[in-house]
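Here the structure comes first, spelled out in structure tokens, and everything after it is commentary.
The values are calculated or read from the model by the stated rules, or taken from the named source; none is laboratory data. Since this is a predicted model, take the numbers as computed values, not measurements. Ideal geometry is used to build each Cβ from the backbone, glycine not excepted, and the neighbour counts take in all protein chains shown. Just the protein is used for accessible areas: all its heavy atoms, side chains included, with ligands, DNA and RNA removed. Shrake-Rupley method; radii C 1.70, N 1.55, O 1.52, S 1.80 Å.
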Amino acid sequence: MRRVGATLLAALLLAGCGIGPGEQRSGGAQVRVTRDFGRAQLHAASTRTISDGQTVMRLTESKFDVDTRYGGRFIQSIDGLKGTGATGQRDWFFFVNGVESEVGAADYDLSAGDRIQWDYRRWDVAMRAPATVGAYPEPFLHGLNGRRRPVRVECDDVNAQPCRDSKAALHKVGVPVSGSALGAPGTEKVTRLVVARWPAARIIRGGHTLEEGPRANGIFARFAGGALELLDENGDVARTVHAGDGTALIAAMRPRAEELVWLVTSLDEAGLEAGVRALRENDLRNAFAVAVTGRTVEKLPLP
């Protein structure tokens, strides 16, 4: 079917042939293999240097046992875990610095500092997940395709403690930031971290899709009727959060190809504070999106 073909295209791999390794560059790269929306990490590997022209596929094949199908154009399995294709609706998808690739792994040239995640997941409920939070502090630290963009923190209250703390969290991992009020122009030229209560955060581009669910944005959470619904893998409501529960949503969105925005939002101030505290590598590792209550961080979708 045309729809299935478009979905599988996200993980297409061209045959791993071509020029040999070029000049070695420092900075290295990491690759993690996960399943079920990053819930479980299966394997991890890294390299201290990368070669000019080295691709995601070359690195993956050098670290893991990879089988392909369709003439080498598609990953069938990593270390024995096989995709099921159109009939089973489970396959492998990869992200670089938290952004789902729009090209095959053999066409994606690595840059110093890249963090690659291969995730084996269902795609019947959410065909695409354009951006995730699991590579933090990427993409803020090294950017995408070797280009580090300016980083801007936008807040509905620029003087509030969560706004100051979010800037401090990025400074701590070596990311210089600027600040602005919510809704500042020039969104296509910066990577944004938006820290704002809901529904004020709805004004950002793509914010309205958080009322529509994972088919619209790949995020297994939905604002509805003044509450925040946390969803399971089927897209059904697993838990409903209300104002006063102190729960935040941390998610990443790519409303346009040139635009990347992270969002920390909550129905109350306590939740916003909890979400900002969770801007840490250990709390976000491999996650597509998370719900944070106090110091408890839950990966979404909920089990």
(message) Going residue by residue through region 63-82, is there one that turns out to be within 24 Å of residue 24 (Cβ to Cβ) and in contact with a helix residue (DSSP H, G or I) (Cβ under 7 Å, 6 or more places away or on another chain)?
(response) yes
(message) Condition (residue is in a strand (DSSP E or B), at pLDDT 85 or above and under 24 Å from the mean Cα position of the chain (by Cα)) applied to region 2-25: is it met by at least one residue?
(response) no
(message) Pairs please, first residue from region 93-116 and part of a loop (DSSP other than H, G, I, E, B), second anywhere and open to solvent by 20 Å² or more (accessible area, probe 1.4 Å) and among the polar types (S, T, N, Q), Cβ atoms under 6 Å, 6+ apart in sequence or on different chains.
(response) 110/54
(message) Which count do you get for residues in region 235-250 that are open to solvent by 20 Å² or more (accessible area, probe 1.4 Å), within 22 Å of the chain's Cα centre (by Cα) and β-branched (Val, Ile, Thr)?
(response) 1
(request) Pairs only if they're at least six apart or on different chains, beta carbon under 8 angstrom, first in region 228-242 and of a type in the set (Gly, Ala, Ser), second at pLDDT 95 or above and open to solvent by 70 Å² or more (accessible area, probe 1.4 Å); list them, first residue then second. (result) 235/215
(request) Report whether or not residue 54 is within 21 Å of the chain's Cα centre (by Cα), within 24 Å of residue 111 (Cβ to Cβ), at pLDDT 90 or above and of a type in the set (S, T, N, Q). (result) no
(message) Filter region 121-130 down to the residues that are open to solvent by 10 Å² or more (accessible area, probe 1.4 Å), farther than 26 Å from residue 189 by Cβ and either under 11 Å from the mean Cα position of the chain (by Cα) or touching a residue at least 60 places away in the same chain (Cβ under 8 Å) (or both) and list them by number.
(response) 122, 125, 127
(message) Name the residue that is farthest from residue 126 (Cα to Cα), counting only residues in region 195-227 that are of a type in the set (Val, Ile, Thr) and free of Cβ contacts under 8 Å to residues at least 60 places away in the same chain.
(response) 203
(request) Please verify whether region 268-286 includes one or more residues that are within 19 Å of residue 131 (Cα to Cα), within 19 Å of the chain's Cα centre (by Cα) and assigned to a strand (DSSP E or B). (result) no
(request) Of all residues in region 57-69, count the ones that are closer than 15 Å to residue 43 by Cβ and either assigned to a loop (DSSP other than H, G, I, E, B) or of a type outside the set (Asp, Glu) (or both). (result) 7
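Of the residues that make up region 172-186, is at least one open to solvent by less than 10 Å² (accessible area, probe 1.4 Å) and over 20 Å from the mean Cα position of the chain (by Cα)?
No, region 172-186 contains no residue that is open to solvent by less than 10 Å² (accessible area, probe 1.4 Å) and over 20 Å from the mean Cα position of the chain (by Cα).
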(request) Specify which of the listed residues (60, 84) is surrounded by fewer than 21 Cβ atoms within 10 Å (Cβ to Cβ) and either among the hydrophobic types (A, V, I, L, M, F, W, C) or in contact with a strand residue (DSSP E or B) (Cβ under 8 Å, 6 or more places away or on another chain) (or both). (result) 84
(request) Answer yes if at least one residue in region 131-144 is aliphatic (A, V, I, L, M), buried (at least 20 other Cβ atoms within 10 Å of the Cβ), more than 19 Å from the chain's Cα centre (by Cα) and under 22 Å from residue 299 (Cβ atoms), and no otherwise. (result) no
(message) Taking the condition of being open to solvent by 50 Å² or more (accessible area, probe 1.4 Å) and more than 25 Å from residue 38 (Cβ to Cβ), how many residues in region 148-171 meet it?
(response) 10
